[in-house]
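Written out below as structure tokens is the structure these notes cover.
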Amino acid sequence: MIHIQSLELREVRLPLVTPFEISSGLTTERRILLLKLTDANGLSVWSECVAGEKPNYMPETIDSAWMIIRSFLAPLILNKSFGHPSEIDAVLNQMIKGNRMAKAALEMGAWAVYAHKTDQSLSKALGGTQSQVPTGISIGLQATPQELAQKVRESLVKGYHKIKIKIKPGKDIDFVTHVRKELGMTFPLMVDANNAYTVADLPLLKKLDAAKLMMIEQPLAWDDIYQHRLVQKELKTPVCLDESITTVQKAEEMAGLQSGRIINIKPGRVGGFSEAVRIHDYCEENGIPVWCGGMLESGIGRAYNVALASLPNFTLPGDISPSSRYWKEDLVAPAWEMDEKGYMSVPTHKPGLGITVKEDLINQLTVRKETLTKETSHV
Ligand code: OSB
Ligand code: MG
């Protein structure tokens, strides 16, 4: 049984080792919302909300998520009893529309509480079958094709199983062509546009076929499915949807309209693990490969992604990179690492997240804090 008695919200600031630029903005320091869920027996777990500082990827932000959790979501969960974490998302979705990143932070935290209480790893609780997952790297926009090729070269040497590069108009075909010319046509390379294009760019997008990419991620609008159909019809390269897939119904729309052939599942984007697993299962039944995306998470959010990525239909390498790719010092011990073959092990033999959260470091980095209990809930 899950019975959350208090919820602590924290904002921590963590500077990225390397600034990360996508088509809609640059991030140099993450403002991260962490939750600490404490149950009736005093068991505490940490979870992470993936919402960024600005609404440039999706509409939510760390500040909107904080408000939604405090005012609307926490009162639906606090001091209520749930038999299983899979019961939680229906309650949240019935009462509150959208705001899936805010919901996910709570829902995934409840799964971790459940995993701890039942003395199993989060991976096991979710139905994970893989004891290690291949790593992948997402490389932000670079100033020149030469600099990009250098970053890709270094990543290949480190052993990443998939290289994803960000593109936008003016930094696309020349950059991708240069990388292929310098480093070869066969290593696993893909691009992510974060909706920087429209259907008017179809002739340009078609030129990317020559680069033999694994996929092109979210070329069109963040909430579009229909127009991606026009792109997929014209391209040999598989289209992968990220932003557009917020529910399993959206995955069904994608498949039905043939708007894409691959899905990037981020549990934070879809409202948590229950929805993420529904998308995973639907894709598995329909022969659609999936991979686990990232949102520049700290080691806490990474634990949740790694657990999800251990499910059987995560057949493509995710945007799952070691702690050192993002942070000088991560919030967890041990830090997430990749082995010399480019794999990350899933902590399948430890209960819950399988890593220790550095509370002292979190305390030092905290710039904002709020504790919610039944008494502080006014809805
Ligand atoms: O589109 O996948 C994306 C980071 C922030 C917002 C959106 C995206 C990304 C990434 C980073 O690509 C992946 C990672 O966490 O390494
Ligand atoms: Mg993406």
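The values are calculated or read from the model by the stated rules, or taken from the named source; none is laboratory data. On a predicted model such as this, the values are computed, not experimentally measured, just so you know. Counting neighbours? That spans all protein chains shown, and the Cβs are built from the backbone with ideal geometry, glycine included. For accessibility, only protein heavy atoms count, side chains too; no ligands or nucleic acids. Shrake-Rupley method; radii C 1.70, N 1.55, O 1.52, S 1.80 Å.
Normalising by the residue count of the chain, find the relative contact order in percent from Cα pairs under 8 Å and 6+ residues apart.
Computed over the chain, the figure is 23 percent.
Between Lys97 and Arg153, 0.36 nm times their residue separation minus their Cα-Cα distance comes to what?
Length difference between fully extended and current span is 15.8 nm.
Which three semi-axes in whole Å describe the equivalent ellipsoid of the stretch 174-263, each the square root of 5 times a Cα gyration tensor eigenvalue, listed largest first?
Semi-axes (√(5λ), whole Å): 23, 13, 11.
For the stretch 1-120, report the % of Cα-Cα distances exceeding 20 Å.
The calculated P(r) of the stretch 1-120 puts 43 percent of pairs beyond 20 Å.
Can you give the local net charge around Pro145? Use residues other than it whose beta-carbon is closer than 14 angstrom to its beta-carbon, Lys and Arg +1, Asp and Glu -1.
Numbers: positive: Lys151, Arg153, Lys166, Lys168, Lys171, Arg180, Lys181; negative: Glu147, Asp172, Asp174, Glu182.
Spelling it out: positives minus negatives among the neighbours equals +3.
Rounding to the nearest 10 and keeping the result within 0 to 90°, find how far the Cα-based axis of helix 100-117 lies from the longest principal axis of the chain.
So the helix axis and the longest Cα principal axis differ by about 60 degrees.
To test your reading of the geometry: what angle, between 0 and 90 degrees and rounded to tens, separates the Cα axis of helix 299-309 from the longest principal axis of the chain?
70 degrees
How high is the relative contact order of the stretch 124-237, in percent, with contacts defined as C-alpha pairs under 8 Å that are six or more residues apart?
Numbers: 153 pairs, mean separation 25.4, N = 114.
Relative contact order comes out at 22 percent.
For the stretch 233-379, report the accessible area per residue in Å² (1.4 Å probe, heavy atoms, rounded to an integer).
40 Å²
Could you tell me which residue out of Gly354, Met1, Val113 lies farthest along the dipole of the chain toward its positive end? Charges go on the beta carbon: Lys and Arg +1, Asp and Glu -1, centred on the Cα centre.
The residue sitting most towards the positive pole is Gly354.
I'd like to know which of Gly299, Gly318, Gly287 lies farthest towards the positive end of the charge dipole of the stretch 283-379, counting +1 on Cβ of Lys and Arg and -1 on Cβ of Asp and Glu.
Highest projection toward the positive end goes to Gly299.
May I ask which of Lys206/Lys328; Lys124/Lys233; Lys36/Lys97; Lys36/Lys168 have a Cα-Cα span longer than 31 Å here?
Check vs 31 Å cut-off fails for Lys206/Lys328; Lys124/Lys233; Lys36/Lys168.
At 7 Å along the Cα-to-beta-carbon direction for both Val367 and Asp201, put a label point, then send me their distance in nm to one decimal.
So the two model labels end up 3.1 nm from each other.
At 37 °C and 0.692 mPa s, grab the translational diffusion coefficient of the chain from Stokes-Einstein with a Kirkwood Rh over Cα pairs, rounded to a whole number in µm² per second. Write out the running numbers ahead of the final one.
Values: Rh = 20.8 Å.
After rounding, the answer is 158 µm²/s.
What is the helix-to-structure angle for 273-285, meaning the angle in degrees between its Cα long axis and the longest Cα principal axis of the chain, kept from 0 to 90 and rounded to the nearest 10?
Once rounded, one gets 40 degrees.
So, R0 is 45 Å and r is the distance between the beta-carbons of Glu375 and Glu53; what FRET efficiency does that work out to, to 0.05? Walk me through the numbers on the way to the answer.
Numbers: r = 31 Å, r/R0 = 0.68.
The value I calculate is 0.90.
For the stretch 53-162, which trypsin sites (Lys or Arg not before Pro) are in a loop by DSSP, counting at most 10 other Cβ atoms within 10 Å?
Hits after loop and neighbour filter: Lys97.
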